[in-house]
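The values are calculated or read from the model by the stated rules, or taken from the named source; none is laboratory data. Just so it is clear, the model here is predicted, and its values are computed rather than measured. We work out accessible area using only protein heavy atoms, side chains counted, and drop any ligands, DNA or RNA first. Shrake-Rupley method; radii C 1.70, N 1.55, O 1.52, S 1.80 Å.
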Amino acid sequence: MANQYREIDEKTWPRSTHCAVFRNCVEPAFCVTFEQVEAELKKIFDKATAEGKTEITLVSKYFFDQMEVKPEYRDCIPMCCKIMKDNFRAETDEVLYHTKSWQSHTLKIKYKLPR
């Protein structure tokens, strides 16, 4: 079998986000997908909107705790943080706390609703 090695351009590679999140993990593990975590965040936004709320403050640890699909905690927090950050809208939302890496269980963002 011939060598199938080829260089990947991380800027255009569809899994570049996964690579960036798990690049420095000593023992990376597979868990839920980014799409599943995104769907979980949408459920939280939709529920709060249905309850008549105009904003919601989320802390990444509590976002994880509310998820229906729960992989190992240590593997999912960076994904939760990435999705929370990606859904942040500078013109309407407010970052209340973040660490330098943006990958802490203490990331806290206030989102305006509805989304």
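Structure values in brief
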quantity: Protein accessible area in the chain, 1.4 Å probe - carbon and sulfur %; calculated: 53 percent
quantity: Lysines with Cα under 22 Å of LYS108, excluding same-chain neighbours fewer than 8 positions away; calculated: LYS42, LYS43, LYS47, LYS53, LYS61, LYS70, LYS82, LYS85, LYS100
